[in-house]
Amino acid sequence: MALDGIAVANLRKEIEDRILGGRISKIAQPESDELLLTIKGANEQYRLALCASASLPYVYFTEANRPSPAAAPGFCMLLRKHIGGGRITGVSQPGLERILIFTVEHLDELGDVRHKKLIIELMGKHSNLIFCDEEDRIIDSIKRIPATVSSLREVLPGRPYFIPNTMDKKDPLSLSREVFFAETASRPVPCSKALYTTLTGLSPLTAEEICYRAGIDSDLPAAGLSDAEKEHLYGTLRRIMEDIKDGLFTPNIVSRAGTPQEFSSLRLTHLTDSGLYMEEEYDTISQVLETFYAARSAATRIHQKSADLRKIVSNALERNIKKYELQKKQLKDTEKRDKFRVYGELIHTYGYSLPEGAKELVAPNYYDDGKEIQIPLDPDLDAAANAARYFEKYNKQKRTYEALSQLIQETAEETAHLESISAALDIARTEADLSQIKEELQQFGYMKKRSQGKRGPGYKGGKKEKRTVNKPLHYLSSDGFHMYVGKNNYQNEEVTFQMADGGDWWFHAKGIPGSHVIVKTEGKELPDRTFLEAGRLAAYYSKGRGNDKVEVDYVKRKEVKKGAGGKPGFVIYHTNYSLMAPANIDGLEEVQ
């Protein structure tokens, strides 16, 4: 699952075929590390997304537009100034490096023709978008890298641009037989590792495929292969490189059990021949990357944007758990309270015969079948004072017990509330989802509300703060029933108490934080298949998502009540059915 040099070569060909000679009509920067170029070709307009994310770098054509910030970032403004309206005259890839270089022709302030380079490096955490002049001097980059961050290469305005050191790897496109035998086939490491550690642009996945096509066990040491096996391995590699030079690619995604696992511009026969994987071919590598990366990229960005909220929830949970343990320990210390009451009553009953200065009372305990009990006494006090001392201890511990019991219940409820917010963060899809969660954290005092500014003289009140409008998830069952899923506590309230009627069915993962799921019956009987599909939704959108199966409670909506003063999304129900549902939603139709 890596954007290797072969996939980048496929991208280079696709980009060259589509937009070479096209003009850049619009430049947007929807994210801090992403550009969206709108390019007008001879007969068509294209959108090209370029992302230098450390976790998911990519380049692909897309139909989707992306909202941009109201004020364009500085790097975006710089590109608009220099190459806005410019013509793309070249798209190149150095060898099989994971680098694409766009050469853009434009006119400067004096009307003279100039050529600039926009370079994207698709190298994991080292990914970057770099803008250079005709002399390969850096004008600016989307990520500035000073010497304090990298001692190998500074990426700063005014510095010369050069390709990063690739640890003396060889270019497989021009690799000779002699160099292959001397540098790659002589290494005492597994064959696949020998390929991807000595040759640029090859991922471990591609190296496995080359070994498989050559009929060689990829785990065998390269140095231990016979000359014939080395020859065959080199021949297989060379044929693949010839296909790349000729622009012969097969963009595809390989899935297992309906879930995409890998993508490539080569057929991954070592996976599909096993019978465990299914291959789906696409017309373009852009379609592959958009399909494979789109959901993953969105989820990654939301996870990054929710980091501050996660920290707040995590810290509050940690404090609550510590507080709960301390309260439980203090509660345990009150377990002897009834013993003190019994001591006081027995002293009242039998203490009349105590001699002055007695240190203990031995008496039958009528609360324990008359068994004798020894009660320590203060010899400086008489019987009545000793009894009063024990009653005072009893009453103090009784008050402590009652107060702690209430506090423990409140702490447990607060912990459950925070865990439900944590679950909502796990399934958040959009910034609107995060906004609703933020509102809830502010409402219950875990976050401060942003100041609305000073209210000067003559202030007559401002607009009432509006709650974020955000819709629950909507699915359609195989039998045509509408199913709604709350993504957070506010939405759980909405689907359960506003969208659902008394006769609709309500689902929730048993005993763990998760979404409320409602199935609209419209007065009809639900088939078993719909019950299971709704259960799958409740299992998947819960803290039990990582389990194979989750127990799910389901009940008629009219049986679900909201407790007095309960937190949003917290309900009670007493009569319910249960089912075991797999925590996956493959094949369920989501309504957009």
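The values are calculated or read from the model by the stated rules, or taken from the named source; none is laboratory data. Keep in mind that what you see is a predicted model, and the values were worked out from it rather than measured. Glycine gets a Cβ as well: all are built from the backbone with ideal geometry, and neighbour counts include every protein chain shown.
Remarks
- Residue count for segment 297-319, restricted to those that are within 17 Å of Arg429 (Cβ to Cβ) and either at pLDDT 75 or above or in contact with a strand residue (DSSP E or B) (Cβ under 9 Å, 6 or more places away or on another chain) (or both): 10.
- Residues satisfying the stated conditions in segment 81-93, i.e. among the basic types (Lys, Arg) and surrounded by fewer than 16 Cβ atoms within 10 Å (Cβ to Cβ): Lys81
- Considering each residue of segment 330-348 in turn, at least one proves to be farther than 30 Å from Ile408 by Cβ and surrounded by 17 or more Cβ atoms within 10 Å (Cβ to Cβ).
- Of all residues in segment 103-125, those satisfying the criterion of being in contact (Cβ under 8 Å) with a residue 60 or more places away in the chain, surrounded by 14 or more Cβ atoms within 10 Å (Cβ to Cβ) and not aliphatic (A, V, I, L, M) are Glu121, Gly124.
- Residue count for segment 561-589 under the criterion of being among the charged types (D, E, K, R), surrounded by fewer than 17 Cβ atoms within 10 Å (Cβ to Cβ) and either more than 28 Å from the chain's Cα centre (by Cα) or closer than 23 Å to Phe497 by Cβ (or both): the result is 2.
- Filter result for the condition that a residue is more than 14 Å from Ala54 (Cβ to Cβ) and in contact (Cβ under 8 Å) with a residue 40 or more places away in the chain, over Ile139, Ile130: Ile139
- Counting the residues of segment 158-178 that are surrounded by 13 or more Cβ atoms within 10 Å (Cβ to Cβ) and not in a strand (DSSP E or B) gives 11.
- Per-region count, segment 193-237, residues touching a residue at least 40 places away in the same chain (Cβ under 8 Å) and among the aromatic types (Phe, Trp, Tyr): 2
- Segment 467-495, residues that are within 23 Å of Asp528 (Cβ to Cβ) and either in contact with a Gly (Cβ under 7 Å, 6 or more places away or on another chain) or surrounded by 23 or more Cβ atoms within 10 Å (Cβ to Cβ) (or both): Met483, Tyr484, Val485, Val495
- Applying the criterion of being under 22 Å from the mean Cα position of the chain (by Cα) and assigned to a strand (DSSP E or B) to the residues of segment 6-34, the residue that is surrounded by the fewest Cβ atoms within 10 Å (Cβ to Cβ) is Pro30.
- Segment 518-560, residues that are within 22 Å of the chain's Cα centre (by Cα), closer than 20 Å to Ser422 by Cβ and part of a strand (DSSP E or B): Ser542, Val550
- Within segment 397-414, not a single residue is outside any helix (DSSP H, G or I) and either touching a helix residue (DSSP H, G or I) at 6+ places or on another chain (Cβ under 6 Å) or farther than 30 Å from Pro568 by Cα (or both).
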